[in-house]
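Quick notes on the structure that follows.
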């Protein structure tokens, strides 16, 4: 099957809820993928940080293969011998008491929202149905009906009403606005330590530390969505670790499943997570033994700290190379670890046009919000391959539009 044939087949039978770049991937190993016609590309997106450990990491594949031969699903009607170990390991990694496993990142966020409201009613004493959760402008936490209710992105938000009430939006990084928004009915502040979909937007210095102090002072749960930023991506195990902050509730996903299965989790201490009792929340596939076995292997990769250090070191190198290049038409280059964004100044090519040019040169990246290109190579990328990608990015951004007619 050719690229055009595969794309047309998908176009005819798959809902048009994405606008992917015109490449059809057939095989992948490490940081490299191969399309249906044998062309190789360096993956600089990692499935939006779900492939932190590279495609087909041997340790993760081995864990999956071993578990496939044993048992893959029991539902939570019965125990399985992988779930307890996974939860214990993840609790240790996150420095929390307990774990509630789910599947997708959006499920993880929905779980944290339900948890926060229940805690608010049963522990804080908020009047029933009056709980408020504060969120940030520019946020992206998923696409379920409740989550898009507090999105300010019209593409994600519009025409899905009526919307779920109970959310208050403040500017990202504005601690004074957050303080002013908190009321006696506020149960949680939900925040991405680094905003991913917004274009790898970092908070102002001191913001997360001030959030921690304010939430403690006002008896509000600090809920950190580390679905993209966590598990080594930003140069530390968790982005909050970069500034020495421990949230009350942490949401994880994407790379937690090793790029093999969907796996998410909410972690917290028992004084918070203990409000969820049998029958009050769950999922048929949540905590399944296949996902748990892979999650255990993922945590083992992280516990040495080598992946995180590699992300930090190579990320600093990449940002330095890009900034030293003094690229034309660039508004800002920002990032943390092996996760960065190049924001164009809006006077020339769009982010998608640049992404298409990179595709023609064998580099996979993706645009967001018209003028920004995001980069998130697997944390196992070879330094020589990363340098090749950086040289290609610089060349594309300093060369007039030369998008191949083949794309």
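Quick look at the values:
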read-out	value
Degrees between helix 289-303 axis and first principal axis of the chain (Cα, 0 to 90, nearest 10)	80
Max mean-square fluctuation residue, GNM over the chain, Cα-Cα springs under 10 Å, options 244, 84, 315	244
Most fluctuating residue given options 121, 18, 163, as computed from a GNM of the chain linking Cα atoms under 10 Å	18
Pairwise FRET efficiency - residue 218 versus residue 333, Cβ, R0 = 56 Å, nearest 0.05	0.95
Candidates 334, 85, 39: whichever shows maximal mean-square fluctuation once the chain is modelled as a Gaussian network with Cα springs under 10 Å	39
The range 78-232: C-alpha gyration tensor shape, a/c 1.5 cut-off, then a/b vs b/c	rounded
Angle in degrees between helix 83-94 and the longest Cα principal axis of the chain, rounded to the nearest 10	80
Acute angle (nearest 10 degrees) that the helix 383-398 long axis makes with the longest principal axis of the chain, alpha-carbon atoms	70
Residue-averaged 222 nm ellipticity for the chain, from DSSP H runs of 4+ at -39500 (n - 2.57), nearest 500	-10500 deg cm²/dmol
Anisotropy class of the range 242-319 from Cα gyration tensor, a/c 1.5 cut	oblate
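Quick note: the coordinates plus some simple rules give every number you see, no bench work behind them. Just so it is clear, the structure is predicted and the values come from calculations on it, not from any experiment. Virtual Cβ from ideal backbone geometry, glycine too; neighbours counted across all protein chains shown.
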